[in-house]
Amino acid sequence: MGLIVQKYGGSSVANAEKILRVAQRVIKTKQAGNKVVVVVSAMGDMTDDLITLADQINKDPQEREMDMLLSTGEQVSIALLAMAVHKLGHEAVSFTGSQVGIITDEFHSKARIQNISAERIKKALSVGKIVIVAGFQGQTPSGEITTLGRGGSDLTAVALAVALKAKHCEIYTDVDGIFTADPRVIPEAQKMDRVTYDEILELASLGAKVMHSRSIEVGKKFNMPIWVCNSQNNHKGTLITKENKAMEEVVVSGVALAEDEAKITLFRVSDRPGVAAKVFQTLADANVNVDMIIQNKTQTNSTDISFTVFKNELVKAMKVVKAAMKKVGATNVTCDENIAKVSVVGIGMRSHSGIASKMFSTLAKNKINIDMISTSEIKISVVVAGDKGKLAARVIHQAFGLGKK
Ligand code: ADP
Ligand code: ASP
Ligand code: MG
């Protein structure tokens, strides 16, 4: 008897009817001869609604209390799904992250899983129960509730699949699988049958919110096959797996658009060793994630440094950068929230050239100015004006022939 971990995202459990439909799917999987562990997200937009509610009370809430609040969303879903399974005449039990021993570090709002004991899951499975676990949450060794970052239920699912030695992990969402671009932004995008961990890892960290990027890191590390499928139909989804020869032939496999970053610029910073280290150390100390960085020498003894951070960390980032301004001799610091990052990803880039020039000339033809550029072995990202992001993604997607024929 094999074990399967299924995860249902917010849209798949958005109302009572959908929860009953998920219960049917889960029961069917069990009846096909599998042990089933189900991870669920909060219903619909509940997490966003809770964030709005908190914001109405305190603009700068303590992260501990935020995690206490947001973790309740998933607790609602697990209880309701267990009730739905019971209603259909089968045995199920729901658990919070803490109850199944998901231990994380103490970084509230983006905690990392350190260990999973899963004793209670194994025990419940051994007596034939369907086990339903709250996604997105864990607890620190001292018992504080933490959350794993937005979209973190994917990580709970893949980490549990690894811990329980599942056959594979199934991620159910509101699209048929992983597409060459976000199908909501680019309707011509096509579903991929397979994609490598490396490609989806880049796509996810570049803004394709279809999967939480750390969930893919864990999947890759332990070679756990991950299927991404639509919870509303039985179409074959996308398999995330390690690469093979045929996959390398595809030069560009997807385009991602991120509109959740902002740019900070420090002007006329002293041009001497240790200055950049100081700026980015202060940001690291404040636990702010920095993405793209560029440095431009403007005068003989000073440089401008620009970098991007997530919009939801902009206030915190500006606070620490302003505090560090004097130490690095900067004359001014500004921020710009009107930016978008567009990226192309493909493992074939390792062995093919000319991708950057094609991307840049496509943007030029469409009169889109490039503000920042960064590259890795398998991706090229550009920052453009925020209101040009969608257009840029669409023309690049087309230029690389990714759309439906
Ligand atoms: P869930 O609530 O199930 O976790 P998400 O909203 O987190 O669902 O992820 C699914 C959404 O991801 C889709 O509705 C789609 O708009 C978006 N998305 C972004 N990029 C892609 C992509 N390359 N392929 C598929 N979906 C994508
Ligand atoms: N409910 C959380 C969120 O909206 C976690 C998740 O859905 O995976 O980010
Ligand atoms: Mg998600």
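The values are calculated or read from the model by the stated rules, or taken from the named source; none is laboratory data. Only a predicted model underlies this, so the values are computations on that prediction, with no experimental measurement involved. Note that we place each Cβ from the backbone using ideal geometry, even for glycine, and neighbour counts take in every protein chain shown.
Below, the figures for the structure above:
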{"item": "Total residues in region 251-288, condition in a loop (DSSP other than H, G, I, E, B) and in contact (Cβ under 8 Å) with a residue 60 or more places away in the chain", "result": "5"}
{"item": "Matching residues in region 18-49 - criterion: being more than 15 Å from ligand 1 (Cβ to nearest atom) and β-branched (Val, Ile, Thr)", "result": "26, 27, 29, 36, 37"}
{"item": "Set 147, 173: member being modelled with pLDDT of 95 or more, within 16 Å of ligand 1 (Cβ to nearest atom) and over 20 Å from residue 95 (Cα atoms)", "result": "173"}
{"item": "Yes/no for residue 179 being farther than 17 Å from residue 231 by Cβ, within 15 Å of ligand 3 (Cβ to nearest atom) and either among the hydrophobic types (A, V, I, L, M, F, W, C) or in contact (Cβ under 8 Å) with a residue 60 or more places away in the chain (or both)", "result": "no"}
{"item": "Spans of strands (runs of 3 or more DSSP E) in region 128-170 with at least 2 residues hydroxyl-bearing (Ser, Thr, Tyr)", "result": "145-147"}
{"item": "Some residue of region 213-233 being touching a strand residue (DSSP E or B) at 6+ places or on another chain (Cβ under 7 Å) and aromatic (Phe, Trp, Tyr)", "result": "yes"}
{"item": "Looking only at region 92-113, and only at residues there that are hydrophobic (A, V, I, L, M, F, W, C) and under 30 Å from residue 28 (Cβ atoms), the one that is surrounded by the most Cβ atoms within 10 Å (Cβ to Cβ)", "result": "102"}
{"item": "Qualifying positions in region 1-46 - under 25 Å from the mean Cα position of the chain (by Cα) and β-branched (Val, Ile, Thr)", "result": "4, 5, 13, 19, 22, 26, 36, 37, 38, 39, 40"}
{"item": "Hits in region 210-256 - residues which are among the charged types (D, E, K, R) and out of contact with any helix residue (DSSP H, G or I) (no Cβ under 7 Å at 6 or more places or on another chain)", "result": "221, 236, 245"}
{"item": "Residue in region 74-89 that is farthest from residue 31 (Cα to Cα), counting only those that are assigned to a helix (DSSP H, G or I) and without any contact (Cβ under 8 Å) to a residue 24 or more places away in the chain", "result": "79"}
{"item": "Some residue of region 370-377 being under 17 Å from residue 258 (Cα atoms), surrounded by 16 or more Cβ atoms within 10 Å (Cβ to Cβ), over 26 Å from the mean Cα position of the chain (by Cα) and not charged (D, E, K, R)", "result": "no"}
{"item": "Strands (runs of 3 or more DSSP E) (entirely within region 178-248) containing at least 3 residues that are in contact with a Lys or Arg (Cβ under 6 Å, 6 or more places away or on another chain), at pLDDT 95 or above and buried (at least 17 other Cβ atoms within 10 Å of the Cβ)", "result": "none"}
